[in-house]
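Taken together, the values in this text are just the output of simple stated rules run on the coordinates, not laboratory data. For clarity, every value in this text was computed on a predicted model and none was experimentally measured. Methodologically, a virtual Cβ is constructed for each residue, glycine included, from the backbone with ideal geometry; neighbour enumeration extends over all protein chains shown.
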There are 2 protein chains.
Amino acid sequence: MVPSFDLKAWTQEQAGRLEKALSDWVAPPSQAPASAGLQQLKEAMRYAVLDGGKRLRPLLALAACEAVGGNPQAALRAACAVELIHAYSLVHDDMPCMDNDVLRRGKPTVHVQFGEAQALLAGDALQALAFELLTPADTAVDTATQAQLCRVLAQASGAQGMAGGQAIDLASVGLPLDADQLREMHRLKTGALLKASVLMGALCGHPNDATLLALGEYGAAIGLAFQVVDDILDVTADSATLGKTAGKDAFHDKPTFVSLMGLDASKAYAGQLLARALTSLDAVDGANPHGTAALRALADMLVNRHY
Amino acid sequence: MVPSFDLKAWTQEQAGRLEKALSDWVAPPSQAPASAGLQQLKEAMRYAVLDGGKRLRPLLALAACEAVGGNPQAALRAACAVELIHAYSLVHDDMPCMDNDVLRRGKPTVHVQFGEAQALLAGDALQALAFELLTPADTAVDTATQAQLCRVLAQASGAQGMAGGQAIDLASVGLPLDADQLREMHRLKTGALLKASVLMGALCGHPNDATLLALGEYGAAIGLAFQVVDDILDVTADSATLGKTAGKDAFHDKPTFVSLMGLDASKAYAGQLLARALTSLDAVDGANPHGTAALRALADMLVNRHY
């Protein structure tokens, strides 16, 4: 650890850049008078993305870019793109045919606010926008990096990543998954995009193979830790603190790390994963504590969070 | 026109390449035993894409690549990617919260066959796969082209393209759109992706600006013509011929070119758009009738089709 690193100050600074970029890039209202339908779509997209969320994925991307001394312009695009994928997945996940959730970050979910059809379209358009952000026509980001970022994000989002994990989740309700199957589901469902966030940030600095591997291991470890902690909080925190419905997994008879391993073993497991994540960072090329300080502090925060 | 061009033979040859590529690339069954949920997702994705459709968009991409003597490997990826976007849009469009359609190409729609949640995820995963296909790690497609193809496809799919057009469509039911507003809706809803198909094929050959502009005009003209003809067929053809429910637009009180202009004027308009598309091709760099023969024949087929 780097005790002197001020995560709060770093996060505030990054969050300022992020929120401005998201507000500038996510469906800004049309200059020319646009049709009502198009304005509603844009409003739904902005509602889904702005003023909410911990921004964990974009912060990971920005921190990974810092760790390798990469192109900050490229990292900002990568950070926003990965957040758009996350945001669209929440919009679709909340819909009646999926989790049928009416509350998200303390606000009505997108389909409650704008109707199901607009929620479906807003999610679809946010996914497209993620890839648009990664491929600017200007030369601030070289095209080789643009293509790599698209590849990593597409793989992490699709059937071999997030969408695949959600499909496993759908089919697993009420089934007796073992710990390996549960890990595999979460590796895809949430782990893939968290790992991609780290890798995408790193790719903005053209890292060597050893560094990319090390950061991938860090990303995989915190990706899994994130879910273990989520499962712990689902039974230990209340809805007001979480900003979403607590106890939902147990209610829906969904397998969780806590239901499989028990609460204490789950907490110990989260601690092991944190240690693994921090150790991985030692193999980052030319690793110095300052370069990886933000990544270390984010991993620590993520495992020791209370919501 | 090039009277000697054999569109049927050309289409059959291209369709063979296309179907093989789609079957190889769209969610092939896992080698290792995968969870039931993931297998179902992949099955839904293949069901949505394989064995169906006129493949108009990929044929346009392949023909545009031929017109400029581009990289056929890149064009095959562009062709499949644009078809995946089209396929995902149909899956989502058919869902109960949108058009609530149970029949597509004579088969049950994806949500009828696999359930709504899987349909939602399959559509999402198909969109991600489109961008994955455009960004292979090998060197058969240079990264500048990869990035350009992603940019054009993302723009054509999102709020400034297909999804935006669908949102306008949603909001327009029962409203008295004028011809300009109707054209704007279709320019986004179906036109953007048809035009992108042509542009993406062309970009595989590094065309000069004049050629890209000419092919863009061709794409815009046939994109609009396609919709005018769709509206004509909706009132003149029967469901069995169309493979989908005929008379649907009138039933839902949706504005169409036929309801605005009348049947005869709509037919004349389609003919004018065809003429405009064919004229545009004269400005393709080094234009020779053989290079653009497939594009000419496709435009003709598209306007004079019966289903």
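Distances between copies at B:GLU13, taken between label points 7 Å from Cα along the C-beta direction, are 6.1 nm in increasing order.
Highest-first packing order for the peptide set A:219-229, A:289-299, B:269-279 is A:219-229, A:289-299, B:269-279, based on the mean count of other beta carbon atoms within 10 Å.
Rounded to the nearest 500, the 222 nm mean residue ellipticity of chain B from helices alone is -21500 deg cm²/dmol, with -39,500 (n - 2.57) taken per DSSP H run of at least 4 residues.
Relative protection proxy for A:4-11, B:53-60, B:255-262, A:58-65, from highest mean packing down: A:58-65, B:53-60, B:255-262, A:4-11 (other beta-carbon atoms within 10 angstrom). Once C-alpha pairs closer than 8 Å and six or more residues apart are averaged by separation and normalised to the residue number of the stretch B:7-303, the relative contact order reads 21 percent. By the count of other C-beta atoms within 10 Å, a proxy for reagent exposure, A:GLU13, B:GLU83 are ordered fewest to most as A:GLU13, B:GLU83.
Neighbouring Cβ atoms from other chains, within 10 Å of the Cβ of residues in A:141-152, number 6 on average. For the residues B:PRO29, B:PRO207, B:PRO72, a GNM of chain B with alpha-carbon springs under 10 Å puts the largest fluctuation on B:PRO29. Membrane-span-like helices in chain A, defined purely by DSSP H runs whose alpha carbon atoms cover 24 Å or more axially and whose average Kyte-Doolittle hydropathy reaches 0.5, are A:72-93, A:116-133, A:209-236.
Find how many whole Å separate the alpha carbon centroid of the stretch A:29-85 from the alpha carbon centroid of the stretch B:65-120. What the calculation gives is 26 Å, centre to centre. Sorted from closest to farthest, the other copies place their A:VAL235 label points 6.5 nm away, with each point set 7 Å from Cα along Cα→Cβ.
Counting charges near A:LEU41 (Lys, Arg +1; Asp, Glu -1) among other residues having Cβ under 13 Å from its Cβ returns a value of 0. Mean partner shielding of peptide A:91-97, defined as the number of other chain Cβ atoms within 10 Å of each residue Cβ, is 4. In terms of packing, defined here as the mean over residues of other Cβ atoms within 10 angstrom, the peptides B:36-42, B:119-125 line up highest first as B:119-125, B:36-42. Inter-chain Cβ neighbour count for A:40-49, averaged per residue, equals 2 (cutoff 10 Å, partner chain atoms only).
With its label point defined 7 Å out from Cα along the Cα-to-Cβ axis, A:ALA140 lies at 3.4 nm from the matching points of the other copies, in increasing order. Under the criterion of Cα pairs below 8 Å and six or more residues apart, the relative contact order for the stretch A:1-125 equals 25 percent.
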